[in-house]
Structures are given as C-alpha cells and as structure tokens.
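Below is one structure, written out as structure tokens, with a few remarks after it.
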Amino acid sequence: MTWAGAVALVGSSVAFVGLLLTLANIAVFLELRSTTLHAVKGAYGDGDVQLRLQDGLALLEWRPNDNATTYGVRATHAIARSVVHAWPAKDAAEFRIIVPVTENWILNALGALRPQLRHYTLWDHRKALIRGVGICGHVSSMLVGFLREHGFDARIVGLTVTWW
C-alpha cells in the first residue's frame, strides 16, 4: 500500500467514525439541563437554583422601559438564580460537565490521557444557562454573553493578586 493510500484509508475511517458518532448524538440526544438540578446543593446552599429555566430566560429579555442599569441588575439576578454555583465532579455525567463521546469523540478519547480535556465549558451563553451548572468564570461568561446580545460592550476582566 502506498503512503497516499494509507492516508486515504485512515482519513476515510476517521470520517466514518465521526459520521457514526454524529448520528448517535442525534439519536441519543441528551438534554443539557439535568432534571435533578434543583435538588443540588451549590455554593449558596440548598435551593441554589431558585428559578426555572423559562423564568430566567424571560427575565433576560429586553423590555421597552429598560436602560443599562435596570437590564444589567435584572440580568445579573436572573443568571445567578438560574444556575447551580458548583462544578460537581462526582455528578459530572449527570450535569453534562464531561464532553459526551457522541458530541466530541476526540476530546473524550484524549480525556483518558488528560482528564481536564473532558471538561465541557460552553462558550455559548444560552447553552451554558440551559445547562445550569457553573462556577465563577462560567457564570460571568453567561452574563457577558447576554449583555453583548443586547448591545453592551461587556467583557470579563481578570484580576491578579500578588502577596508579598
């Protein structure tokens, strides 16, 4: 077998596996938000999630009388009350924290070598809110996404503290 033939064989095999996993993902579609999310004890105690997803999304809609302050305050509260403020490793599969093999089989496989590669950070603010689980950076990213969606020049600023 020639080098070009071997490359073609490997490439077509990878494409075939990718197609099978895509079809499996469509057939076995998992909801992003766990049905047990409201029962989880997060950083703010029992009942960390106080809003149903639909109620949180409704609060994140722009209203005719909104200004920057009213929308910003309401959006902050809506997001804070719609997610569990935790990243529970023991429930990683339940809360969709680990990349499913059907979603990205390459990262899932590489996660066997480096487990942190399996962490499923959603950069789409709506999907992240739908999942409903996150720590500081995830929650900040959600807020910035919704603010940008409504025309705000919002950014995340990282602060570094140096102890002498």
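The values are calculated or read from the model by the stated rules, or taken from the named source; none is laboratory data. Just so it is clear, the structure is predicted and the values come from calculations on it, not from any experiment. Cβ sites come from the backbone with ideal geometry, for glycine too, and all protein chains shown count toward neighbours.
Kindly indicate the residue of segment 21-38 that is exposed (fewer than 12 other Cβ atoms within 10 Å of the Cβ) and not in a loop (DSSP other than H, G, I, E, B) and also modelled with the highest pLDDT among those meeting that condition.
My answer is Leu23.
For segment 46-92, which positions are touching a residue at least 40 places away in the same chain (Cβ under 8 Å), assigned to a helix (DSSP H, G or I) and either closer than 19 Å to Ala128 by Cα or not hydroxyl-bearing (Ser, Thr, Tyr) (or both)?
Leu53, Gly56, Leu57, Ala68, Gly72, Ala75, Thr76, Ile79, Ala80, Asp91, listed by residue number.
Looking at Ala78, Ala109, Ala86, Ala93 in this structure, which one is modelled with pLDDT under 85, over 16 Å from the mean Cα position of the chain (by Cα) and not charged (D, E, K, R)? Walk me through it before giving the result.
On the way: Ala78 fails: modelled with pLDDT under 85; Ala86 fails: over 16 Å from the mean Cα position of the chain (by Cα); Ala93 fails: over 16 Å from the mean Cα position of the chain (by Cα).
Just one listed residue meets the conditions, Ala109.
Could you please let me know if Arg126 is buried (at least 19 other Cβ atoms within 10 Å of the Cβ) and either of a type in the set (D, E, K, R) or at pLDDT below 85 (or both)?
On the way: buried (at least 19 other Cβ atoms within 10 Å of the Cβ): no; either of a type in the set (D, E, K, R) or at pLDDT below 85 (or both): yes.
So Arg126 fails the test.
What pairs come up if the first residue lies in segment 1-18 and is over 20 Å from Ile106 (Cβ atoms), the second is aliphatic (A, V, I, L, M), and their beta carbons are under 9 Å apart, counting only those six or more places apart or on different chains?
Every condition considered, the pairs that remain are Met1/Leu9.
Here is a list of conditions, (1) over 15 Å from the mean Cα position of the chain (by Cα); (2) closer than 22 Å to Val49 by Cα, and Gly132 meets all of them except one; can you say which number that is?
(1)
Name the single residue that is surrounded by the fewest Cβ atoms within 10 Å (Cβ to Cβ) among those in segment 98-121 being touching a residue at least 40 places away in the same chain (Cβ under 8 Å) and either β-branched (Val, Ile, Thr) or within 19 Å of His85 (Cα to Cα) (or both). Spell out how you get there, then give the answer.
Step one: filter segment 98-121 for residues touching a residue at least 40 places away in the same chain (Cβ under 8 Å), giving 100-103, 105.
If we keep only those that are either β-branched (Val, Ile, Thr) or within 19 Å of His85 (Cα to Cα) (or both) as well, we get 101-102.
Working: Val101: 16, Thr102: 18.
The qualifying residue surrounded by the fewest Cβ atoms within 10 Å (Cβ to Cβ) is Val101.
Does Val161 satisfy the condition of being β-branched (Val, Ile, Thr), assigned to a loop (DSSP other than H, G, I, E, B) and surrounded by 14 or more Cβ atoms within 10 Å (Cβ to Cβ)?
Numbers: β-branched (Val, Ile, Thr): yes; assigned to a loop (DSSP other than H, G, I, E, B): yes; surrounded by 14 or more Cβ atoms within 10 Å (Cβ to Cβ): no.
Answer is no for this residue.
Filter segment 42-88 down to residues that are of a type in the set (Lys, Arg) and within 15 Å of Met142 (Cα to Cα), then give me how many there are. Quick ask: steps written out before the conclusion?
In the first step, residues of segment 42-88 are kept if they are of a type in the set (Lys, Arg); the result is 52, 63, 74, 81.
Filter once more, keeping what is within 15 Å of Met142 (Cα to Cα): 74, 81.
Of the residues in that region, 2 qualify.
With the requirement that a residue be touching a helix residue (DSSP H, G or I) at 6+ places or on another chain (Cβ under 7 Å) and within 23 Å of Val49 (Cβ to Cβ), what does segment 145-158 give you?
Across segment 145-158, the qualifying residues are Gly145, Phe146, Leu147, Ile156.
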